[in-house]
Amino acid sequence: MENCIFCKIINREMPSDIIYENEQVIAFKDIHPKAEVHVLIVPKKHRANLNEIDDNEKELLAAIFLAAKQIAQQLNLGAQGYKLVLNVGRGAGQVIDHLHLHLLSGTYNRPLNEI
Ligand code: AMP
Ligand code: ZN
């Protein structure tokens, strides 16, 4: 998708701090972290948000959630746990129109409704 920041990160046309990747998903550190640990988990297939996911694309959703579990293990978050946030639409605070799951853990420097 042209002019999509996250597609550019996926295609290595823009730098980012990638911490996890598999066939369907990429994950990188949020550039403005709202918590001690703040990672964005992004499907490689461009979809603006959850409302654009068809019933036959369930695998894409499974992939981002299972990637979250893998990343949490990789970052040793077992004891402190983590939260997953998925904003859908401007009213909910979504500013990047490429579906992404926020993985947050540790001390927060923003209230949850500002993530
Ligand atoms: P949302 O508000 O749910 O759309 O979240 C978008 C997130 O993307 C915000 O937390 C931003 O800080 C983050 N972000 C924006 N541009 C970049 C970038 N180039 N690299 C990493 N994170 C970014
Ligand atoms: Zn995109």
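When the solvent-accessible surface of protein heavy atoms is calculated with a 1.4 angstrom probe, in what order do D55, D97 fall, highest first?
In descending accessible area the options line up as D55, D97.
If you count only protein heavy atoms with a 1.4 Å probe, what accessible area per residue comes out for the chain, rounded to a whole Å²?
Result: 59 Å² of accessible area for each residue.
Could you work out how much longer the chain between F65 and I31 gets when fully extended? Use 0.36 nm per residue separation minus the Cα distance between them, nm to one decimal.
Result for the pair: 10.2 nm of gain on full extension.
Subtracting the Cα-Cα distance from 0.36 nm times the residue separation, let me have the gained length for E57 to E2 in nm, one decimal.
In short, 17.6 nm is gained.
If the elastic network links every pair of Cα atoms under 10 Å, which of V85, V95, V42 fluctuates the most in the Gaussian network model of the chain?
With Cα springs under 10 Å in the chain, the top fluctuation among V85, V95, V42 is at V95.
Under the 0.36 nm per residue contour assumption, what length would be gained going from the current alpha-carbon distance of V88 and L50 to full extension?
Contour length minus the Cα-Cα distance gives 13.0 nm.
Along the positive direction of the dipole of the chain (beta-carbon charges: Lys, Arg +1; Asp, Glu -1; about the Cα centre), which of H46, V95, L112 reaches farthest?
Result: L112.
Can you give me the angle between helix 58-74 and the longest principal axis of the chain, using Cα atoms only, in degrees from 0 to 90, rounded to the nearest 10?
That works out to roughly 30 degrees.
Can you sort K58, K34 by 1.4 Å-probe accessible area, starting with the largest?
K58, K34
What is the dipole size for the stretch 5-114, taken about its Cα centre, with +1 at each Lys and Arg Cβ and -1 at each Asp and Glu Cβ, in debye to the nearest 20?
Computed charge dipole of the stretch 5-114: roughly 220 debye.
If the reach is capped at under 23 angstrom between alpha carbons, list the lysines near K34, excluding any in the same chain fewer than eight residues apart.
Answer for K34, where 23 Å is the Cα cut-off: K8, K69, K83, listed by chain and number.
The values are calculated or read from the model by the stated rules, or taken from the named source; none is laboratory data. Computed from a predicted model, the values in this text were never measured in an experiment. Reconstructed Cβ throughout: ideal geometry from the backbone, glycine too, with neighbour counts over all protein chains shown. SASA here: full protein model, heavy atoms, side chains in, ligands and nucleic acids out. Shrake-Rupley method; radii C 1.70, N 1.55, O 1.52, S 1.80 Å.
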